[in-house]
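Only one structure is covered here, and it is reproduced in the block below.
The values are calculated or read from the model by the stated rules, or taken from the named source; none is laboratory data. From a predicted model like this one, the values you see are computed outputs, not experimental measurements. Cβ: placed from backbone, ideal geometry, glycine included. Neighbour counts: every protein chain shown. Note: areas computed on protein heavy atoms with side chains; ligands, DNA, RNA excluded. Shrake-Rupley method; radii C 1.70, N 1.55, O 1.52, S 1.80 Å.
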Amino acid sequence: MKVLIVFAHPEPRSLNGSLRDVAVRELEAQGHDVRVSDLYAQGWTSAIGRADFPALPTDARLAPAAASKQAFESGALTPDVRGEIEKLLWADTLILQFPLWWFSMPAILKGWVDRVFAYGFAYGVGEHSDTRWGDRYGEGKLAGKRAMLIVTTGGWQEHYSARGINGPIDDLLFPIHHGILYYPGYDVLPPFVVYKADKLDEAGFDAMAERLRERVRTLATASPIPYRRQNGGDYLIPSMQLRPGLEPPAASGFAIHLAPEASTAPRDSTREAGVHLPADACAAKA
Ligand code: FAD
């Protein structure tokens, strides 16, 4: 396997930095090729701006999507963006690793997505007509590749469970899983989530590291989250709504976009991610 880890934490000695090293060492021990985009170390520019489109005439109005299309098609994207696209095409597996900040990814990683997922590469791909809404949601230039998140949270596992006050982790990660990774074609694996990360001690770290090693060993074989394919007949065109009656009666919200075998019961990856706190840790105050 060729694995790209896109890493978004400012401190290499952080928990995230240590977990990244664990993942890299395990993958390499298994004989896989690994590359890391360490966004802070690279000094990654997160905000899209005029500098992204050097070929755009200085007096032209900047329309980011149109400029992205033009630059992608003409090979005029900036070298840093082209370098990341080349890595994405090289890798058959992508890992995005980050601490959960304000219920989402750190700005530097969002900016990596904004700039690297160019028009014509990650979106605006395929036929757009009255009968087809492009190649996306399971199709696209990155189809056939796998992706997984490694996420650490300050909040407890229960806080992110189906009835938890933070909202279910599957719902919070849906925009990344479905909107960013599945959209351009990736098969998205259940996330590896480390809850209550700020309270982790060395013993907890060792256990977590072992769970992470187990997860990366199954990157090639684990079942992806069974999202419905846009062009598989489940959605009406052009409204792009799920056909009436396809969702099981109990399903609502994001869960209706899971294929039937998975959506008969609400999915809860706090039960699946391979990261479970000891019962006493759940009872303790964070
Ligand atoms: P670190 O601070 O680096 O480490 C965490 C603990 O692991 C430390 O106690 C450290 O000693 C220990 N540790 C044990 N072994 C090791 C080892 N070998 N290497 C390194 N460390 C080790 N949380 C939420 O749940 N929801 C949010 O919306 C949210 N928003 C946030 C927004 C911001 C701006 C910030 C700063 C934090 C937010 N948090 C939130 C908390 C955040 O998710 C956690 O602080 C983060 O996930 C912890 O990861 P870290 O790599 O920074 O941990």
In a Gaussian network model over the chain where Cα atoms closer than 10 Å are linked, find which of LEU100, LEU39, LEU246 has the largest mean-square fluctuation. LEU246
In square angstrom, rounded to the nearest 10, how much accessible surface does VAL113 have for a 1.4 Å probe? 10
Accessible carbon and sulfur surface of the range 2-275 relative to its total accessible area, %, 1.4 Å: 53
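Run the helix sum for the chain: -39,500 (n - 2.57) per DSSP H stretch of 4+ residues, divided by residue count, reported at 222 nm to the nearest 500 deg cm²/dmol. List each step's numbers first, then the result.
On the way: 9 runs with 83 residues, N = 286.
That comes out to -8500 deg cm²/dmol.
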Whole-number value, in Å³ per residue, for the convex hull of the alpha carbons of the range 2-275 is 136
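Only bridges whose two residues both fall in the chain count here: according to DSSP, what percent of them are antiparallel, nearest 5? Working shown, then result.
Working: 4 of 28 bridges.
Just about 15 percent of them are antiparallel.
Counting pairs of alpha carbon atoms under 8 Å apart in space and at least six apart in sequence, what relative contact order in percent does the chain give? Write out the running numbers ahead of the final one.
Details: 461 pairs, mean separation 53.1, N = 286.
Relative contact order for the chain comes out at 19 percent.
Give the residue list of trypsin sites (Lys or Arg not before Pro) in the range 1-106 that are DSSP loop and have at most 11 other beta-carbon atoms within 10 angstrom. Mind showing how you got there, number by number?
Working: sites: LYS2, ARG13, ARG20, ARG25, ARG35, ARG50, ARG61, LYS69, ARG82, LYS87; in loops: ARG13, ARG61.
When the trypsin sites (Lys or Arg not before Pro) of the range 1-106 are filtered for loop state and at most 11 Cβ neighbours within 10 Å, ARG13, ARG61 remain.
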Per residue, how much accessible area does the chain have with a 1.4 Å probe, in Å²? 47
Leading residue at positive end of dipole, the range 1-153 (Cβ point charges), from ALA60, PHE98, SER37: PHE98
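Remind me, relative contact order of the range 1-103 in percent, using alpha carbon pairs under 8 angstrom and six or more residues apart?
Values: 105 pairs, mean separation 47.3, N = 103.
Across the range 1-103, relative contact order equals 46 percent.
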Taking a cut-off of 18 Å between Cα atoms, list the aspartates and glutamates near LYS2, but don't count ones fewer than 8 places away on the same chain. ASP21, GLU26, GLU28, ASP33, ASP38, GLU84, GLU86, ASP92, ASP187, GLU214
How large is the dipole of the range 60-186 about the Cα centre if only Lys and Arg carry +1 and Asp and Glu carry -1, each at its Cβ, rounded to the nearest 20 debye? 180
